[in-house]
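Inspection log for the structure reproduced underneath, given as structure tokens.
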Amino acid sequence: MPLPEIPNVFRVAFNWENSASGGTAENVMHFLSETGDSEAVAAAINSHYSALMLSFTVPTTKCPSVSITPLDGTTATSTWSLAGVEGSLSAGEALPAVAVVATLYTALRGRSYRGRIYLPYVGESVAESGKVKPAYLADLQGGRGDFQADLEGNAPPVTLVVASYKEEVANAVTSILVQPVLATQRRRQSQLR
């Protein structure tokens, strides 16, 4: 499916890696920036990605770069380095088959107007009976909310959006809910075999 054309919206792929398992994963999020500048979007993400957002994983998990594609129909993808985006758990190993899920909601209802992020390499000590322990869940929820608010307060502002490729529109995220139950993304699961 070709990428849609949505003015001032950027497709941002977070490029994860885990040096202990040798695994890689990718999260795709979309951001709106009136500047139309990939470098400004990368700088805002790098400035506001917080340690709380990575409290669920171990230091062998890192997100060293983002690949940014403007959805303008012409500009090529560019890759930007991120500094210090790594797990902060002090001990344990990462579970390669499960993920923390964050659901993105907009003001509109329906599948085209909400999104999901599967956060990879959950630390062993974070999981209990298939769920995220409450203390970690609170940190993740707070970290995601702070990230969204900090981006919107950035100069220039960067807005987290849900981009509907089917409808070729983007809508601002009004809330983020970190789900307590751990999940598996099928494409990642099949890479482990």
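Structural remarks
Listed here are the residues, each with its yes/no results for (1) modelled with pLDDT under 95; (2) of a type outside the set (A, V, I, L, M).
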position	(1), (2)
Val85	yes, no
Ser90	yes, yes
Leu95	yes, no
Tyr105	no, yes
Leu108	no, no
Ser112	yes, yes
Ala127	yes, no
Leu140	yes, no
Arg144	yes, yes
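- Single residue of the stretch 83-104 satisfying the filter (free of Cβ contacts under 8 Å to residues at least 40 places away in the same chain and either charged (D, E, K, R) or within 16 Å of Ala13 (Cα to Cα) (or both)) that is surrounded by the most Cβ atoms within 10 Å (Cβ to Cβ): Val85
- Answer residue from the stretch 152-165, given it is among the hydrophobic types (A, V, I, L, M, F, W, C) and over 20 Å from Val100 (Cβ atoms) and is modelled with the lowest pLDDT among those: Ala155
- For the stretch 119-160, filtered to residues that are assigned to a helix (DSSP H, G or I) and among the aliphatic types (A, V, I, L, M), the residue that is surrounded by the most Cβ atoms within 10 Å (Cβ to Cβ) is Val126.
- The condition (being in a strand (DSSP E or B) and not hydroxyl-bearing (Ser, Thr, Tyr)) is satisfied by just one residue among Val58, Val100: Val100.
- Screening Ser47, Ser129 for residues that are of a type in the set (S, T, N, Q) and on the phi > 0 side of the Ramachandran plot leaves exactly one candidate, Ser129.
- Filter result for Thr79 (surrounded by fewer than 17 Cβ atoms within 10 Å (Cβ to Cβ), assigned to a strand (DSSP E or B), modelled with pLDDT of 95 or more and β-branched (Val, Ile, Thr)): yes
- The single condition among (1) crowded, with 17+ Cβ neighbours inside 10 Å; (2) among the charged types (D, E, K, R); (3) touching a Leu at 6+ places or on another chain (Cβ under 8 Å) that Glu5 does not satisfy is (1).
- Test for Ser88: is it within 18 Å of the chain's Cα centre (by Cα), of a type in the set (S, T, N, Q) and at negative phi: yes
- So Arg188, is it at pLDDT below 95, surrounded by 13 or more Cβ atoms within 10 Å (Cβ to Cβ), touching a Pro at 6+ places or on another chain (Cβ under 9 Å) and not hydrophobic (A, V, I, L, M, F, W, C): yes
- Checking each residue in the stretch 138-186 for being acidic (Asp, Glu) and either free of Cβ contacts under 8 Å to residues at least 60 places away in the same chain or touching a Cys at 6+ places or on another chain (Cβ under 7 Å) (or both) picks out Glu152, Glu167.
- Restricting attention to the stretch 1-24, the residues being farther than 13 Å from Ser67 by Cβ and either in contact (Cβ under 8 Å) with a residue 60 or more places away in the chain or among the polar types (S, T, N, Q) (or both) number 12.
The values are calculated or read from the model by the stated rules, or taken from the named source; none is laboratory data. From a predicted model like this one, the values you see are computed outputs, not experimental measurements. All Cβ positions, even for glycine, are placed from backbone atoms using ideal geometry, and neighbour counts span all protein chains on display.
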